[in-house]
1. Rounded to the nearest 500, what is the 222 nm mean residue ellipticity of the chain from helices alone, with -39500 (n - 2.57) per DSSP H run of 4+ residues and division by all residues?
2. Exceeding 18 Å between C-alpha atoms, which entries from my cross-link table qualify? They are K164/K191; K64/K244; K97/K121; K97/K129; K97/K256.
3. Counting only protein heavy atoms and a 1.4 Å probe, tell me what percentage of the chain's accessible area is made up of carbon and sulfur.
4. What is the sum of charges around D225, taking Lys and Arg as +1, Asp and Glu as -1, for the other residues whose C-beta is under 10 Å from the C-beta of D225?
5. Take the Cα atoms of the chain, find their three principal axes, and give me the spread along each one in whole Å, biggest first.
6. Going by average Cβ density within 10 Å per residue, which order do the peptides 48-56, 178-186, 156-164 take, highest to lowest?
7. Just subtract the alpha-carbon distance of S11 and N75 from 0.36 nm times their residue separation and send over the number in nm, one decimal.
8. For N243 and Q41, what does the FRET efficiency come to when R0 = 41 Å and r is the distance between their Cβ atoms, rounded to the nearest 0.05?
Amino acid sequence: MKNTAYIATRSIELNKFNNVQNFVSTLEDNGYVFIDSNSFQNLQEENHQIISNKDKLEFVESWKNLELDRFMSDNGTYRTRRHATFTTEGNGQNYSKNDYQPHYQTTEYNGLNGGIERFYKEIDSNTLKNPIFNSLIQLAYSAFDKGKMKKWYIEAHQFRIEAKDQSNGKPTPEGIHRDGVDYVLMAMVNKESVVGGVTTIYDLDKNKLASFELENFLDIAMVNDHDVYHGVSEIHPQDNSDNKVGSRDVLVVTFKEIDK
């Protein structure tokens, strides 16, 4: 976020999650928390969020319609993506989609691709309306806001990282990093014919704290960007014998407080 100017185009109801205190406490104590897919499904059920098979299929399939990231300073062609931004309205009840804004990070936080405004195709409106997308936004808001009803600038990123032949894919080509925001949520959507992609968390001296793999649909990691660094190892094809392209699909959602 280069500045906080925005034009809200659509207001969406925030149905905050109950029963997240254990995860919030872990996030506050450790700077990160891992939520496995079964635990997240239980949270959804406890909060009366019903996700159909059709919702899941459409959500997963939307990752097939991303566009090549043309802002890769390493000249890599292994990453496709889409992007959208939102703001919460400070009343704890709604968040709004903004007119499109480019993605921006300073070179302090992204030495590879930072320092310029990066324009990507916007996330498809049907994906933004999908109950799964809204459920993830609501989980993040519940965990990050903690009932304080702050105003937040939210960015959502659909990422697909591909690996093929002898070419590995890099989920975090900038390496071990922070994102220059307050909080980050990372949700696994799909992995196909790849190995690798291990998430590692580091303290502010870059000592390793933990490693885990987002493996199943809606395995989730959340981090406090002020307290920890994170990075994800390269992925490579599970089987090179047939030159099949493998992929790793994730949704990344960042929260940055407005007028902090």
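The values are calculated or read from the model by the stated rules, or taken from the named source; none is laboratory data. Owing to the predicted nature of the structure, the values given are computational and were not obtained by experimental measurement. Positions of Cβ are generated from backbone atoms using ideal geometry, with glycine treated the same way; all protein chains shown enter the neighbour counts. Please note that ligands, DNA and RNA were not included when accessible areas were found on the heavy atoms of the full protein model with its side chains. Shrake-Rupley method; radii C 1.70, N 1.55, O 1.52, S 1.80 Å.
1. -5500 deg cm²/dmol
2. Check vs 18 Å cut-off fails for no pair.
3. Percent of accessible area from carbon and sulfur atoms in the chain: 42.
4. Overall, the nearby charge balance is -1.
5. 53, 40, 38
6. With the highest mean Cβ count within 10 Å placed first, the list reads 156-164, 178-186, 48-56.
7. Additional length available on full extension: 19.3 nm.
8. In this case the efficiency is close to 0.70.
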